[in-house]
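Student: This is the structure, below, for whatever I ask next.
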Amino acid sequence: MAAPCSRMASRPLWQFITNVRRTGLKHTGVRQFSLSYACRAATQTSSKTESVASPWKLYGAVCLQRLPVISQERNPIEDQFAELMHQMELERSLLSEHEQRLLEDAERMTRKQADNYDSDEEEADYGGQETITAQDQDDTWEQNLKHFQPALRDRDVGGTPLGSVERCLGDSLVLLVQQTVAKENIWLLPQAPWEAGETLRQTAERVLSSLPEADFKATFLGNTPCGVYRYKFPKDVRTESCVGAKVFFFKALLSAGSASQKEPFLWVKKTDLQGYLKPSYLEKVDRFILNL
């Protein structure tokens, strides 16, 4: 039985259809079809597939976040807990070498004030060298501490520009750029149109590398978009073949880089996004931005 089946499978399609038409299948209720009908149906199907095009323009966007550089300010409860832990650690700890030297120096001063003090014996123990007491070191350290100026935790006090990546070091910031959309300059996440031959992630990487006068190095978190935003173009620019755009967002973390202060860049907190983004756009973006 395998040989006849193999011979039938090796025949061309038109011979198989011709043989079917010559058989008596027309008397068994099977619908007849011709070779020309099958070819015409296949041609129509392929033409329909080629003519169908998406009316939405695709964009790739990057959500670039700068993680906190320093720890945040402690609240009152955290201050009380830190003080309690410090006190417990101090009570359970042993004396350091410096504290032991302070006790030895105090004991030596007590011996010097005694009536039976022997200075020759004391100098023999220390080899006749001039000793620096632990209290002298404490005084020196106190003077150095008075001249030490710690860096400000909040650099925004001095008027740090919103486009500087060095602002709000204790908070997570998101990069916003000013772009022209439908003849209107608005703030949004960096985005660019998708080009044929590249993936959406490659589009997002191209967006980041093509920012003017900026050199940002980032780590992308996966190949799958973290969010999608769809909007329609204004009626005066909308056509039947292009009714709107779909923006696919990819998350990335800033590892290094800087940007010119002259370019329209903003590094803002998640809580401040509502002052720059439109409500419908913010609703989509707010879902995947982590307030770390």
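Student: Which strands (runs of 3 or more DSSP E) sit wholly inside segment 143-230 and have at least 2 residues that are open to solvent by 70 Å² or more (accessible area, probe 1.4 Å), at negative phi and not hydroxyl-bearing (Ser, Thr, Tyr)?
Tutor: By residue number, 184-188, 214-220.
Student: Got a number for residues in segment 270-292 being open to solvent by 20 Å² or more (accessible area, probe 1.4 Å) and assigned to a loop (DSSP other than H, G, I, E, B)?
Tutor: 7
Student: Can you tell me which residue is modelled with the highest pLDDT among those in segment 232-267 that are of a type in the set (Ser, Thr, Tyr) and out of contact with any Pro (no Cβ under 9 Å at 6 or more places or on another chain)?
Tutor: SER255
The values are calculated or read from the model by the stated rules, or taken from the named source; none is laboratory data. Keep in mind it's a predicted model, so treat the numbers as computed, not measured. We place every Cβ from the backbone using ideal geometry, glycine too, and count neighbours over all the protein chains shown. Accessible surface areas use protein heavy atoms only, side chains included; no ligands, DNA or RNA. Shrake-Rupley method; radii C 1.70, N 1.55, O 1.52, S 1.80 Å.
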